[in-house]
Amino acid sequence: MAALLLLTACSSNSATPEGSPSAPKLEPASSVPTSGTTSGPVATTPVKADAVVAGLTSAGFKCGTDEAYALCTSGAASVSILNGDHPRPPVVSVNASGPVDTASAEIAKVLPKVLEVAHIGQPQEIATWYGDQKGKPTATMTSGDWLINYAAETETEEPGVHLTVTDKLCKSSCQAE
């Protein structure tokens, strides 16, 4: 594969200007399946919150804004992305309401795509860890520069499941006020 990449790079020297603009088109990577992908990072280039929203929209999510967050929904799952001009979204939260098993399944349907579009590293590791949380009320893990928090609410007025991914590198305006 490295030889193929080298060959591609050499054969496209005359198209270098075209090669540069095509990279942003790959940011959402909406046509790349995430199921069964490698456990390594999907992308190393940070994407801003508006690019994540654009990627989720192109992947079929319905998006809008609510104060400091962009909100995108697909089925019963909703994704909250903290807006701002950070190099990458400081907070991406995936939520679903209802009984824990149902809510967990709804999040599991969209989680790989959300992690891919937001360029959150180690998506397979995070998705596998998420699947292992069944029956737990809360859990936390770190994956690269990301802190992942899981919470299942059962004894509340609005039961559901919440998975929040926070950028540990964010230094200012990292949470909505």
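Before moving on, here are some points about what is shown:
- Zero-based 5 Å bins, Cα pair distances in region 86-177, whole percents: 3, 14, 26, 25, 17, 11, 4, 0
- Set of lysines near Lys136 by C-alpha distance (under 22 Å), chain-local residues within fewer than 8 positions excluded: Lys109
- When a 1.4 Å probe is rolled over the protein heavy atoms, the share of accessible surface on region 34-173 that falls to carbon and sulfur comes to 52 percent.
- Å² of accessible area per residue within region 66-177, as computed with a 1.4 Å probe and no ligands counted: 48 Å²
- In this structure Asp66 has an accessible area near 80 Å², from a 1.4 Å probe over the protein heavy atoms.
The values are calculated or read from the model by the stated rules, or taken from the named source; none is laboratory data. Since we're looking at a predicted model, the values are computed, not measured. Only protein heavy atoms, including side chains, enter the accessible area calculation; ligands, DNA and RNA are left aside. Shrake-Rupley method; radii C 1.70, N 1.55, O 1.52, S 1.80 Å.
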